[in-house]
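Working notes, beginning with the structure itself.
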Amino acid sequence: MDLYSVEKITTALLVVGALSLAFLERKFPYRKGLPIFREGFWVDLVWYTFIQSFFLKILIFNYIIYPLDQHYKLSSLHLVTAWPLALQVLLFLVTHDFYIYWFHRWQHHSKILWRTHEAHHSNKEVDWLAGSRSHVVEIIINQTIEFAPIILLGANPVVVPIKALIDALWGMFIHANLDVNLGKFKGVINGPEQHLWHHADNKKVFFANYATKFSLWDRLFHTAYMPGVKPEKYGLYYEYPKDYFVQHIFSVVRIDENKLRNSAGLKWYFDLRPASISWIKKHNPFKITLKKHIRK
C-alpha cells in the first residue's frame, strides 16, 4: 500500500478513535460531571492540536530531519529497509517509548526542562484531548528524536504515519476520562488508571508514573504509583496562564496573565476570542434553522 493511502487510512482511524473516546467518556467516566467543553478545550483543540501541530510538522520534517538526511545520506544505507514492516514499527515504538520515559523523568527533575513540560500538566480537567497540550520546544525535541531515526535508518515511509497514529491514539487513551481497569496487563501497558494519577495535583505523584505506552518502565525503575483510589484534583499547584501565547511566554518569564488582560495595550487581544464566540453564536445558521424547525 502506498504512503498516500496509508495516510488517508490513519487519518480516518485517528478521527474515529478520537470520537470514540469522547463518546466512551460519557458512558464510562472516570470522574463524573466533567463537561465535554471543559476549561481550555478550545485552546487545546485549535491551538495545540491543529495550528501548532501543522506548523511544527513542517518545521520538524522539512527543516530538520530531511536536511539532515540530505547532508549525511544515512537513509541510503537502508539499515532497516529489508525488515518486515511490523518489526520496523515495533522497533521504533519500543525504543522511542524508552527514550520518552527517561526524557519525561528528566523534565520533572530539571528546573529548566520543567518549563517546557509544565503546560502539559496545567489542565485542571483532564480528558482525551488534554494530552495535546505540549510546549513547542517539547514537541520539537521529542518528535525530532521520534521520527528522525525512522527516516535516517531507511525505514519504510509508511512507518511514519503508522507510528504517528499509534502515538496519537495512545496519548488520547491514557489521558481519557475513562474508567477502565487493565487488570494484569497494567504492569506492562499504560492506561488512564495510571496516567491520570501522573496529572494529579499531588506532590506524591510529581515524580512517578512517567511511562507513556509501556508502564513496564515505571515498574522496572521503581517509579510506579497506584494507591488504589482516584485523585481528588488535577493540574498544577500554582497559577498558570490560560492563553496559548501567554503560556509560552510564561515558560521564559513568569508574568501575571491578569495584569496583561487589564493592560490597555493588550485588552483588545484578550477580548477578541470571547467577542468572536459571541458573534458566532449570534449568527450561527444551524441555530436559526433549529429554531425554525422547533416552531414548526
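Any read-out appearing in this document is the output of simple, stated calculations on the displayed coordinates, not a laboratory observation. Because the structure is a prediction, the values reported are computed rather than measured. Here the Cβ is made from the backbone with ideal geometry for all residues, glycine too, and neighbour counts use every protein chain on show.
One quarter of the surface of the convex hull around the alpha-carbon atoms of segment 7-153 equals 10.7 nm², the direction-averaged projected area.
Residue by residue, segment 31-39 carries 3J(HN,Hα) couplings of 10, 6, x, 6, x, 4, 9, 6, 4 Hz when phi is fed to the Karplus relation 6.51 cos²θ - 1.76 cosθ + 1.60 (θ = phi - 60°); x denotes Gly or Pro. Angle check, please: helix 267-282 long axis (alpha carbons) against the longest principal axis of the chain (alpha carbons), in degrees 0 to 90, nearest 10. Computed tilt is about 80 degrees. Our analysis of segment 143-296 gives Rg over Rh at 1.10, with the two radii drawn from alpha carbon positions and Rh computed by the Kirkwood formula. Under a 5 Å amide H cut-off, with hydrogens placed 1.01 Å from N, L178 pairs with Y30 among residues at least 5 apart or on other chains. Between helix 3-27 and the chain there is an angle of about 50 degrees, using the helix long axis and the longest principal axis of the Cα atoms. Which one, A200, A264, A148, has the greatest fluctuation when you compute a Gaussian network model over the chain with C-alpha springs under 10 angstrom? Result for the chain, Cα springs under 10 Å: A264 fluctuates most. Rounded to the nearest Hz, the phi-derived 3J(HN,Hα) couplings of segment 121-130 under the Karplus curve 6.51 cos²θ - 1.76 cosθ + 1.60 (θ = phi - 60°) are 9, 7, 5, 7, 10, 9, 9, 4, 8, 4, where x marks glycine and proline.
A cut-off under 12 angstrom between Cβ atoms defines the neighbours of I139, and their net charge, with Lys, Arg +1 and Asp, Glu -1, is -1. A cut-off of 5 Å between modelled amide H atoms, ignoring neighbours fewer than 5 places along the same chain, links Y234 with D201. Expressed as a whole percent, the proportion of Cα-Cα pairs in the chain lying more than 25 Å apart is 55%. Averaging the Cα positions of each part gives two centres, and for segment 30-103 and segment 201-278 these lie 21 Å apart.
Of the residues F270, M172, L90, the one whose Cα sits farthest toward the positive end of the charge dipole of the chain, with +1 on the Cβ of Lys and Arg and -1 on the Cβ of Asp and Glu, is F270. Just want to confirm a number: the relative contact order over the chain, from Cα pairs under 8 angstrom separated by 6+ residues, in percent. Computed over the chain, the figure is 22 percent.
Under a model in which nothing but the beta-carbon of Lys, Arg (+1) and Asp, Glu (-1) is charged, segment 156-296 shows a dipole of about 880 debye around its Cα centre. In this simple spin-label approximation, M226 and A12 carry label points 7 Å from Cα along the Cα→Cβ vector, and these lie 3.6 nm apart. Applying the Kirkwood pairwise sum to the alpha-carbon positions of segment 42-107 produces a hydrodynamic radius of 14.7 angstrom. List, in the order given, every pair from K186/K213; K203/K230; K203/K242; K233/K267; K27/K230 whose Cα-Cα distance in the structure shown is over 20 Å. Correct reply: K203/K242; K233/K267.
Count Lys and Arg as plus one, Asp and Glu as minus one, and take only other residues whose Cβ is under 13 Å from that of V89; the net charge is then -1.
Cα gyration tensor of segment 114-198, axes a ≥ b ≥ c as square roots of the eigenvalues: rounded (a/c below 1.5), prolate (a/b > b/c) or oblate? It comes out oblate by the Cα gyration axes.
Excluding A148 itself, what net charge comes from residues whose Cβ is under 15 Å from its Cβ, given Lys and Arg +1 and Asp and Glu -1? That works out to 0. Coupling constants for segment 171-179 follow from the phi torsions by the Karplus curve (6.51 cos²θ - 1.76 cosθ + 1.60, θ = phi - 60°), and in residue order they are x, 5, 5, 6, 9, 5, 7, 10, 8 Hz; glycine and proline get x.
Database remark: amide H of D127 closer than 5 angstrom to no amide H (H placed geometrically; neighbours at sequence offset of 5 or more, or on other chains; Pro and chain starts carry no H).
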